[in-house]
Amino acid sequence: MTTRSRRLVARTPVFLAIPAAVGVVFVALPLLGLLAKVPWSDLGALLGSDLALEALRLSAIASTAAAGISVLVGVPLAWILARVEFRGRALVRGMVLLPLVLPPVVGGASLLFALGRSGLLGEPLYEATGLVLPFSTPGVVVAATFVAMPFLILTVEGALMRSDTRFEGVAASLGAGKWTVFRRVTLPMIWPSLVSGLVLTWARAFGEFGATVTFAGNLPGETQTLPLAVFVAMETNRDAALALSILMMVVSLTVLVALRGRWWRPS
């Protein structure tokens, strides 16, 4: 511990330190309970099974695709919510952030009624293209994007609202076009927050369960992501469920910790 860290610890008020410690224990205790029950001697074989590898592959593809779609759609939406005054903006913001608080199963049912074969948009889409999203790998991506994209929108919108628009104004006054200002000035200013939102979006999509199982089903090799594999394994093979749970925890924690040190290192 550095001298600065010792000083900070010494100045920490007891009325903050005690509940903070309780919070750490509250989060860490279930993780320790999981670690205590993992069959470490069989872990390699369990994680090397075809089921685990296929579920990991599908989870990685779905979460990465969801993060990419969220950037393409969510960043422009966040910019409009932060910078453009229009009637109904509060309602639009509420709708796009609703998946944050909506039960995932309700979100999955909503997707089914909207994008299912007989859904509001799904029926004309199927008649025009033959595309069926439910119970397919693209359906997994849609479900993951639906529940995860609000994390990116919320983070980027907050960064845009806090950023100094004078820099953008100076760039525009020097002849830079709107795209150039956005690409060369706006994005660099909000870059740490954008990466933060992207990581949260990826992690949320990686762990998505409720909307996925409701909208895309639980088909091994096609829609069965790691969370769904854990759910099935809990009923038939607890050791496999524990191994898959550890895999999810390690992957998610590694991503969060690694990027935390890279993008949010304190000054």
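Could you tell me whether the stretch 150-161 includes any residue that is of a type outside the set (A, V, I, L, M, F, W, C) and over 19 Å from Met95 (Cβ atoms)?
Residues of the stretch 150-161 of a type outside the set (A, V, I, L, M, F, W, C): 150, 155, 157-158.
After this cut, where a residue has to be over 19 Å from Met95 (Cβ atoms) as well, the list is none.
Among the residues of the stretch 150-161, not one is of a type outside the set (A, V, I, L, M, F, W, C) and over 19 Å from Met95 (Cβ atoms), which makes the answer no.
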Select from the stretch 180-200 the residues that are within 19 Å of Arg166 (Cβ to Cβ), in contact (Cβ under 8 Å) with a residue 24 or more places away in the chain and of a type in the set (Val, Ile, Thr) and list them in ascending order. Thr186, Ile190
Scanning the stretch 213-252 residue by residue, the ones that are surrounded by fewer than 15 Cβ atoms within 10 Å (Cβ to Cβ) and either at pLDDT below 85 or of a type outside the set (A, V, I, L, M, F, W, C) (or both) total 5
Against the definition (surrounded by fewer than 18 Cβ atoms within 10 Å (Cβ to Cβ) and assigned to a helix (DSSP H, G or I)), how does Met149 come out, yes or no? no
Scan the stretch 106-135 residue by residue and report those that are loosely packed, with under 15 Cβ neighbours inside 10 Å and of a type outside the set (Gly, Ala, Ser). Val106, Phe113, Leu120, Leu121, Glu123, Pro124, Glu127, Thr129, Leu131
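Within the stretch 64-76, does at least one residue satisfy the condition of being farther than 22 Å from Phe209 by Cα, touching a residue at least 60 places away in the same chain (Cβ under 8 Å) and of a type in the set (Val, Ile, Thr)? Give the derivation first.
Taking the stretch 64-76 as the starting set, the residues that turn out to be farther than 22 Å from Phe209 by Cα are 72-73, 75-76.
Among the residues that remain, those that are also touching a residue at least 60 places away in the same chain (Cβ under 8 Å) are: 73, 75.
Keeping just the survivors that are of a type in the set (Val, Ile, Thr) gives 73, 75.
Yes, the stretch 64-76 contains at least one residue that is farther than 22 Å from Phe209 by Cα, touching a residue at least 60 places away in the same chain (Cβ under 8 Å) and of a type in the set (Val, Ile, Thr).
Does Val71 satisfy the condition of being over 21 Å from the mean Cα position of the chain (by Cα) and either modelled with pLDDT under 90 or assigned to a helix (DSSP H, G or I) (or both)? Break it down stepwise before answering.
Working: over 21 Å from the mean Cα position of the chain (by Cα): no; either modelled with pLDDT under 90 or assigned to a helix (DSSP H, G or I) (or both): yes.
No; evaluated as a whole, the condition is false for this residue.
Please tell me if Ser59 is surrounded by 13 or more Cβ atoms within 10 Å (Cβ to Cβ), polar (S, T, N, Q) and within 17 Å of Ala241 (Cα to Cα).
For Ser59, the condition - surrounded by 13 or more Cβ atoms within 10 Å (Cβ to Cβ), polar (S, T, N, Q) and within 17 Å of Ala241 (Cα to Cα) - is met.
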Among the listed residues Ala159, Ala114, Ala109, Ala171, identify the single one that is more than 22 Å from Ile69 (Cβ to Cβ) and part of a helix (DSSP H, G or I). Ala171
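The values are calculated or read from the model by the stated rules, or taken from the named source; none is laboratory data. Small disclaimer: the values here were computed from a predicted structure and weren't measured. When we count neighbours, we look across all protein chains shown, and the Cβ atoms used for this are built from the backbone with ideal geometry, even at glycine.
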